[in-house]
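The values are calculated or read from the model by the stated rules, or taken from the named source; none is laboratory data. Because the structure is predicted, anything quoted here is derived from the model rather than measured. Here the Cβ positions follow ideal geometry from the backbone for every residue, glycine too, while neighbour counts run over all protein chains shown. Areas reflect the complete protein model, heavy atoms only, side chains present, ligands, DNA and RNA absent. Shrake-Rupley method; radii C 1.70, N 1.55, O 1.52, S 1.80 Å.
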Amino acid sequence: MRILAQLISLWLGVSAAFPSTNKRSPHDVDTPIDYNSIQRFVHQQETKNEEVRALKKVFLSNRSITCNDGSQAGFYLRKSYTSKKWIIFLEGGWYCYDHHSCRNRWLKQRHYMTSTDWPDARDIGGILSGTMEENPFWWNANHVFIPYCTSDSWSGIKPHTRGEMFSFMGSAIVRQVVVDLVSLGLKNGTDLLLTGSSAGGTGVMLNLDPVRELIRDHLGLKQVAVKGVSDSGWFLDRTPYAPTLKPAVDAIRKGMELWRGQVPKRCKEMYRDEPWRCYFGYRLYPTLQSELFVFQWLFDEAQMDADNVGAPVTKQQWDYIHKMGDALRQSFENVSAVFAPSCISHSVLTKRDWQNVKIDDISIAEALHCWEQKMHRRRTKRLRNARMFADQPKPLRRQVDSPAGVNATATDPETAQQRRRKRRKHKKNRKGRKRKEEGAIAETAELPDRRPQRSVLHAQQKKPNGRHCTHRRLERCSWPQCNHSCPRLHNPFTGEEMDFIELLKSFGLDMESVAKALGIDMQTLNNMDHSELLNLLTQQTN
C-alpha cells in the first residue's frame, strides 16, 4: 500500500505541475468598434438564408459599460430560428483585487481586460456547440458567449473615475446583455440557462437571482424560466496549506471593495458584516431563489492553487488534499443538483470532449439534461395548477353592517360551518380508507404466494433505456483520479498525452516492486495501457 500511495502521490504531483489549460494569447491588432452592431447583426441574419454556425460579435448598445481598459464590452451570438431556449455563458479567468495585481494582469493577461483583440466570430465547444454530435441536447438553442474582460468575477459596477486606471463592470455587462437580447429574440423565449466556468461559474451564482428579477419583474418576460449552471466556480474559504501573498479570502475581501462588487440581496442580509462571504458557493447557495445545477471537480486545480498546496510530495500535502476533497463533498450535502467527479482538473462546459466525463456511466450532459427536464415538468405542473385554481369560483361573501354602521366584508357564517363539517367528514373517511389499506397490506404479507404490487413511482423515474435518471451525482471513491473518465494529462510543451508507465519510470520508481505489489509480472505491467493500469490501481486502493 505504501507503493500505491507513492504512485498516486506522483500522479497528483504531475497533474498539479502540468495542468491542462487553454489560454489564448493576446493580439496587437485593434478591431474597430461598431456602436450599431446590434442593428448590423439583425440585418445580417435577415439577409442570410442559412444559419451561421459561428457565434458573431455584438457590442453592447450602452457604450458606457466597458471592459477594464475602457474598451466597449459585448458578446457573441448564434441565433436559432426554431428554438426558444437561450444559453448565456460567462467566460472564466480568475480576477485581480488591487492595483499591483491588476497592473500585473494587464502586463501578462491583457486579453482578460480589453475587447480590442476580439475577433469578429468565435467557435465555442461543449454546451455552446452547434453540432448535435458534440452537444446533443442544446445544439439548436440560442447561444450567447460573453468574453471576460472585467477581472471582477462578474460582480462589479464601478465605472471609470478620475485617477483610476481600470473600471470593473462585470455585473453591469451581464444585465445589459440580457436587455440587448430582448430585441434579438429573447422576448419570445421560454427558457434561459445562465452558465459559466471558473470565475464565470462564480458569476453565475452572483447574478442568477438578479437576472431572474430583471427578466420577470422589470422586462415583464414572466414566461421565461431562468435557471443556472455553475461550472468549477464553487470555491471554499479555507485556511491555505502554506502562507501565501494572495490568500483567496483576503483577495476577495479587497476585490469586492475595489470592484464595488454586488452580491444577491438575501445573501448580503445574511452576512451583513462580511458580504464578501457570498462569493463562496456553499455560503451563497442556501439564499438563492433560482434553480442551480453545480458541476465541480472534487480536486479542482484552481482550489489547490488558491490553497497554495503545491505538488503533493509529502504526507502533509497528501492529507491536506484529501481533506479538501472531503470538505468539497460535504459542502454539497444540501445541494439538490450536483455533479462532482473525483478528478484533478478545472472547468468542463465548453470543452469539446465534455461528454466523456461520467459518474456511474452517466455523462455531465445527460445529468444536466435530466435536471432541466425535471425542472420543466415541475414548472409545467405549477402553471397547470395555477390555472386550475384560478378557474375555481371564489367563496361566497356578503356585506354586513359593522357595529359602527360602516359596511364591511365578511364570510357567511353558515357557509363556513358547512365547510368545516365537510372537512371533518372527509378526514374521517380518509382515515377509514387508510386502515383498510393497511389491513390489505398486512394480509398480503402473510400470503407468500401473492406478489407485491409494482411501484409506479420507481417505474416513472427510470429512463427508457433502463438507466436511472438523477441529477445528483457525487463520486463515491475518494481517491484523486480514481474516476476512469478523468481528463488525461498532457505534456505542456508538446501537447501530447503523457504515457503513465514512462512517467513513473522517469521518477526512478522501482517498477518491479510496483508489479509485485499489484500481483502481476513485469511483462504484463509494461503491456498495460493507461486505463488498465489506472483500473488496477483504483481497485487496489478501494
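Taking amide H as placed 1.01 Å from N in the peptide plane, ALA225 has its amide H under 5 Å from the amide H of ASP191, LEU192, each at least 5 places away in sequence or on another chain. Across the cross-link table entries LYS158/LYS351; LYS84/LYS351; LYS108/LYS358, which are compared at the Cα atoms, the separations over 28 Å belong to LYS158/LYS351; LYS108/LYS358. Across segment 152-166, rounded Karplus estimates of 3J(HN,Hα) from the backbone phi angles (6.51 cos²θ - 1.76 cosθ + 1.60, θ = phi - 60°) give 10, 6, 6, 10, x, 9, 8, x, 5, 10, 4, x, 9, 7, 10 Hz, Gly and Pro being marked x.
Computed across segment 249-293, the Kirkwood hydrodynamic radius from all distinct Cα-Cα pairs reaches 10.8 Å. Here the extension length gained between ARG476 and ARG266 equals 72.3 nm, from 0.36 nm per residue of separation less the Cα-Cα distance. For HIS426 and LYS222, what does the FRET efficiency come to when R0 = 30 Å and r is the distance between their Cβ atoms, rounded to the nearest 0.05? For R0 = 30 Å, the calculated efficiency reads 0.30. The trypsin sites (Lys or Arg not before Pro) of segment 106-162 meeting both criteria, a DSSP state outside H, G, I, E and B (loop) and at most 10 other C-beta atoms within 10 angstrom of the site's C-beta, are ARG162.
Computed log10 I(q)/I(0) for segment 83-122 at 0.23 Å⁻¹: -0.86, from the Debye equation with unit scatterers placed on every C-alpha and solvent omitted. With the simple model of a label 7 Å out from the Cα in the direction of the Cβ, GLU257 to SER61 spans 3.8 nm. With the simple spin-label model, which puts each label point 7 Å out from Cα in the Cβ direction, the ASN188 to ALA54 separation comes to 2.6 nm. In this structure, the amide hydrogen of PHE89, modeled 1.01 Å from its nitrogen in the peptide plane, lies closer than 5 angstrom to those of VAL144, PHE145, ILE146, THR195, counting only residues at least 5 positions away or on a different chain.
Stokes-Einstein D for segment 61-151 at 25 °C, 0.890 mPa s, Kirkwood Rh over Cα pairs, in µm²/s? It diffuses with D of about 168 µm²/s by this estimate. Counting Lys and Arg as +1 and Asp and Glu as -1 over every other residue whose Cβ lies under 13 Å from the Cβ of GLU133, the net charge comes to -1.
Converting phi to 3J(HN,Hα) with the Karplus coefficients 6.51, -1.76 and 1.60 and the offset θ = phi - 60°, segment 327-342 yields 5, 5, 4, 5, 5, 9, 4, 10, 8, 6, 10, 8, 9, 9, x, 8 Hz in sequence order, with x at every glycine or proline. Summarise the accessible area of segment 179-319 (1.4 Å probe, protein heavy atoms) by the percent that is carbon and sulfur. With neighbouring chains kept in place, the figure for segment 179-319 is 48 percent. Comparing Cα centroids, segment 276-342 and segment 55-100 end up 27 angstrom apart. Here is the size of segment 162-281 from its Cα atoms: Rg then Dmax, 16.2, 52 Å.
Working from label points 7 Å from Cα in the Cα-to-Cβ sense, the SER485 to THR161 distance is 4.8 nm.
In sequence order, segment 129-143 has phi-based couplings of 6, x, 9, 5, 5, 7, 9, x, 9, 10, 5, 9, 6, 7, 9 Hz under the Karplus curve 6.51 cos²θ - 1.76 cosθ + 1.60, θ = phi - 60°, and Gly or Pro positions carry x. When the GluC sites (Glu not before Pro) in segment 102-165 are filtered for DSSP coil states and for at most 11 other beta-carbon atoms within 10 Å of their beta-carbon, the remaining sites are GLU133.
Only protein heavy atoms count here; under a 1.4 Å probe, CYS370 has an accessible surface of about 10 Å². Compute the FRET efficiency between HIS99 and GLU512 as 1/(1 + (r/R0)^6), taking r as their Cβ-Cβ distance and R0 = 60 Å, and round to the nearest 0.05. According to the calculation, E is roughly 0.60. The calculated pair-distance distribution of segment 123-215 uses every alpha carbon pair, bins of 5 angstrom beginning at 0, and gives 3, 12, 21, 21, 20, 13, 6, 3, 2, 1, 0 percent. Averaging 1/r over every pair of different alpha carbons in segment 253-337 and inverting the result gives a Kirkwood radius of 14.8 Å.
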